[in-house]
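The values are calculated or read from the model by the stated rules, or taken from the named source; none is laboratory data. Source: prediction; values computed, not measured. FYI the Cβ positions are ideal-geometry reconstructions off the backbone, even for glycines, and counts take in every protein chain you see. Protein only, heavy atoms only, side chains kept; ligands, DNA and RNA dropped before computing areas. Shrake-Rupley method; radii C 1.70, N 1.55, O 1.52, S 1.80 Å.
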Amino acid sequence: MSTVADDRNRTRSGVRLGLPLAVAAAFAFGSSGAWARGLIDAGWTPGAAVTVRVGVAALVLLLPTLLALRGRWRALRRNAGMVLAYGLLAVAATQLCYFQAVAVMDVGIALLIEYTAPVAVLLWLWVRRGERPTRRSVLGAGIAFVGLVLMLDIVTGAQVNVVGVLWALGAMVGAASYFVLSAKADTGLPPIALAGSGLLLGAVGLALAGLVGVLPFAWTTADVAYRFGTVPWFVPVLAIGLIATALAYVLGIVSTRMLGSRLASFVALAEVVAALLFGWLLLDQLPGPLQALGGVLVLAGVVVVKLGEPRVAASEPMYTNTA
């Protein structure tokens with residue numbers, strides 16, 4: 001989601017408070033894949049897991065969204081197309097592709113592939129708008145590509161789960177569209193309204209796709225097994241809906257207002273660390289040495305790409321996580 005803030009006018013106290021909130025948001029977002037993998041292994045389809053995630057978060061944010069939209073319904077109608085694309089593509093499709101990916105591959109690897117989205121945005125702006133990337137951004141894209149090759153363990157001849165990689169790349173495209181859509185300034189929509197309406201549309205779209213049979217939809221009330229033991233099915237459902245989505249979005253909004261877009265975008269990279277940590281804690285998933293090196297290179301490449309961007313102007317929106 002996006003909001004307007006001047007990166008240059010951040011207060012020192014705001015940064016001190018915003019940093020832990022931003023890290024908390026990243027860790028909340030980063031926990032979703034591991035919780036969802038447990039549901040999927042227990043018999044849930046990725047479509048059912050992501051629909052529950054988006055639906056629970058939409059219900060939690062419904063009242064705050066309605067309050068934020070008081071007197072601004074015209075702005076919602078004026079931006080109906082953008083909000084629809086945000087809900088169905090940037091929210092629903094991104095999270096569905098990510099959950100499909102984590103169903104067949106490690107959650108940390110899937111998220112790292114999704115986090116190459118800034119490189120996709122770079123290419124989109126170059127092809128679509130003719131905005132040539134800086135040399136530093138091109139270097140960062142090259143580093144990220146090398147890291148991606150190492151992370152997928154291609155050089156050792158290991159078996160690559162092509163389906164999982166394609167789903168993760170789909171999540172990357174969705175995340176890139178999220179950043180492009182969020183960059184639309186002067187929409188007149190408060191950040192919480194954009195997030196809430198997008199989540200609601202995403203939940204409705206996913207539910208309809210499941211009802212008509214387009215999206216495989218199955219769930220079970222059996223206990224869900226994790227590394228530490230088994231829990232009732234509603235524990236991971238509430239975890240991904242309340243903590244990994246609703247709470248994560250709110251923390252993301254608050255922290256980015258305090259930090260500004262540039263600093264917040266770097267702190268958001270902690271989500272990858274969180275995904276790897278939760279993958280280990282909940283699923284006993286750990287990348288190999290070569291994959292770990294590739295992951296470091298992907299993160300380093302994304303950082304270099306971001307450093308190559310022009311410094312954020314006063315009217316440029318801020319971004320939060322998407323996974």
Could you give log10 I(q)/I(0) at q = 0.12, 0.28 Å⁻¹ for segment 171-241, computed by the Debye formula over C-alpha point scatterers of equal weight, without solvent?
-0.56, -1.20
Rank-order 215-221, 47-53 by packing density, defined as the average count of other C-beta atoms within 10 Å over each peptide's residues, highest first.
47-53, 215-221
Using the C-alpha atoms of the chain, what convex hull volume per residue, in cubic angstrom, is computed?
134 Å³
Provide the solvent-accessible area of F228, counting protein heavy atoms only and rolling a 1.4 Å probe, rounded to the nearest 10 Å².
120 Å²
How big is the charge dipole of segment 77-159 about its Cα centre, in debye rounded to the nearest 20, if each Lys and Arg gets +1 on its Cβ and each Asp and Glu gets -1 on its Cβ?
620 debye
For the chain, the dipole about the Cα centre with charges only on Cβ (Lys and Arg +1, Asp and Glu -1), to the nearest 20 debye, works out at 1240 debye
Rounded to a whole %, the carbon-and-sulfur portion of the accessible area of segment 28-115 at a 1.4 Å probe is 66 percent
Multiply the residue separation of F266 and A80 by 0.36 nm, subtract the distance between their alpha-carbon atoms, and state the gained length in nm to one decimal.
63.9 nm
Just check segment 213-299 against the gyration tensor rule for me: Cα atoms, a ≥ b ≥ c as the square roots of the eigenvalues, rounded for a/c under 1.5, and otherwise prolate or oblate depending on whether a/b exceeds b/c.
oblate
With DNA, RNA and ligands ignored, accessible area of E114 (1.4 Å probe; Å², nearest 10)
0 Å²
Can you give the accessible area per residue of the chain, in Å², using a 1.4 Å probe?
44 Å²
Calculate the length of the line joining the C-alpha centroid of segment 179-239 to that of segment 275-311, in whole Å.
24 Å
Excluding ligands and nucleic acids, what accessible area in Å² is computed for D41 using a 1.4 Å probe, to the nearest 10?
100 Å²
Neighbour-limited loop hits for trypsin sites (Lys or Arg not before Pro), segment 67-173 (at most 15 other Cβ within 10 Å; DSSP other than H, G, I, E, B)
R70, R72
Tell me what the chain gives for mean residue ellipticity at 222 nm when only DSSP H runs of n ≥ 4 count, each as -39,500 (n - 2.57), the sum divided by the residue total, rounded to 500 deg cm²/dmol.
-21000 deg cm²/dmol
If each residue of separation counts as 0.36 nm, what is the full-extension length gain between T230 and V160 once their alpha-carbon separation is subtracted?
22.2 nm
